[in-house]
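Engineer: Dropping a structure here in structure tokens format, bear with me for questions.
Values in this text are rule-based calculations from the coordinates and carry no lab data. Since this is a predicted model, take the numbers as computed values, not measurements. Here the Cβ positions follow ideal geometry from the backbone for every residue, glycine too, while neighbour counts run over all protein chains shown.
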Amino acid sequence: MNTARASLICISTYVITQKGFTVDFLTKKRKANEGEVPQYYVTNSHSPIVSEEVFDLVQSELEKRKGKQYTSSTSCFSSHIICGDCGGVYGSKVWHSNSKYRRTIWQCNSKFKNEEKCSTPHFYDEDLKMLFVDAFNSLITDQDNILTTYKDIIAELTDNTALEKEAQSLQSECDVVLELMRQAVNENAQTALDQVDYQRRYDDLVMRYENVKKYLAEIDAEITNRKTKRKNIEAFMQTLHAQEHLLTDFDEDLWNATVDCLIIHSATKVTFKFKDGTELPWKTE
């Protein structure tokens, strides 16, 4: 468990002790611990508000959303229709708002902002709904094959034994290096050492620690990524399995539960990207 996660109050069950210590017990003077005394991690010191798995999944989702554009529209399509040219989001506009020909269209928000105009077309609100109906119905007709394939994928994503063993080994190495750093600081405080040699040894330990910690963070991220994918696939499988009949009308709840985004390439070509990671190229004609 990294220190950033441990510092979150009441979310992690890890606590670091002896961040400071008493210099003089008569005057009660205290100072920040800069390696003079050992620090320890205490695990399961208190009950967390949320489980570690839920916390990791939320962090993964926040990381995923970084850099994405979002709009204030309340439509289910808001922030989920993506321009295949510039990567920007589509926004809604109303045509003929005061007449019987009133219609809502979706168009790239950056279509006329860039030097080179996006070639992606606008789509009517009702056309996007029918695209989803047709695409999702294709999944229902191939439901058995999809569910069988996902069972194998979930089995692979569930087995994090090797990664967790490697993470444990790396954490142990971090602990060892931290202890060596503490010993070096204590030795330097109590013995007249060559400061150039001491600084070189200490810097080498710091570099070693940072490299191991970086690799540990990558392993932790991969474990979290696998757990997130597994959760998304399981949710997608449940939704797909529960849908016994072909759709005849647009179902907003089903869209929200299954679609990550719809990428518009041209008037005749789009790609549905579902929350389980599946991408479904689709022709509009």
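Engineer: Just to verify a number: FRET efficiency for Ala257 and Ser169, C-beta to C-beta distance, R0 = 35 Å, to 0.05? It would help to have the intermediate numbers written out before the result.
Structural biologist: Details: r = 39 Å, r/R0 = 1.12.
Calculated value: 0.35.
Engineer: So between Ala32 and Arg103, what do we pick up on full extension, going 0.36 nm a residue minus the alpha carbon distance? Before the final figure, lay out the partial values.
Structural biologist: Values: separation 71, 0.36 × 71 = 25.56 nm, distance 6.49 nm.
Length gained between Ala32 and Arg103: 19.1 nm.
Engineer: Now, a different point. Among rounded, prolate and oblate, which fits the range 70-220 when a ≥ b ≥ c are the square roots of the eigenvalues of its C-alpha gyration tensor, a/c under 1.5 means rounded, and a/b larger than b/c means prolate? Let's see the in-between values first.
Structural biologist: Values: a/c = 4.99, a/b = 2.16, b/c = 2.31.
Judged from the Cα gyration tensor, the range 70-220 comes out oblate (a/c at least 1.5, b/c at or above a/b).
Engineer: Which distance in nm do the two modelled labels at Lys19 and Gln195 give, with both placed 7 Å along the Cα-to-Cβ direction?
Structural biologist: About 3.0 nm separates the two model spin labels.
Engineer: Then there's this: Simple spin-label model, 7 Å along Cα-to-Cβ: Glu234 to Ile140 in nm?
Structural biologist: Distance between the two pseudo-spin positions: 2.6 nm.
Engineer: Quickly work out the Glu116-to-Asn188 label distance, labels modelled 7 Å from Cα along the C-beta direction, and quote it in nm with one decimal.
Structural biologist: So the label points at Asn188 and Glu116 sit 5.4 nm apart.
Engineer: Ranked highest first by average number of other Cβ atoms within 10 Å, how do 118-124, 159-165 line up? Display every interim value, and only then the final one.
Structural biologist: Values: 118-124: 17.7, 159-165: 12.0.
Highest-to-lowest ranking by the protection proxy: 118-124, 159-165.
Engineer: Which FRET efficiency, nearest 0.05, do Glu179 and Ala155 yield, Cβ-Cβ r, R0 35 Å?
Structural biologist: Plugging the Cβ-Cβ distance into 1/(1 + (r/R0)^6) gives 0.35.
Engineer: Rounded, prolate or oblate: which fits the range 184-266 when a ≥ b ≥ c are the square roots of the eigenvalues of the alpha-carbon gyration tensor, with rounded for a/c under 1.5 and prolate only if a/b beats b/c? Intermediate results must be reported in sequence, preceding the final value.
Structural biologist: Numbers: a/c = 6.90, a/b = 4.17, b/c = 1.65.
It comes out prolate by the Cα gyration axes.
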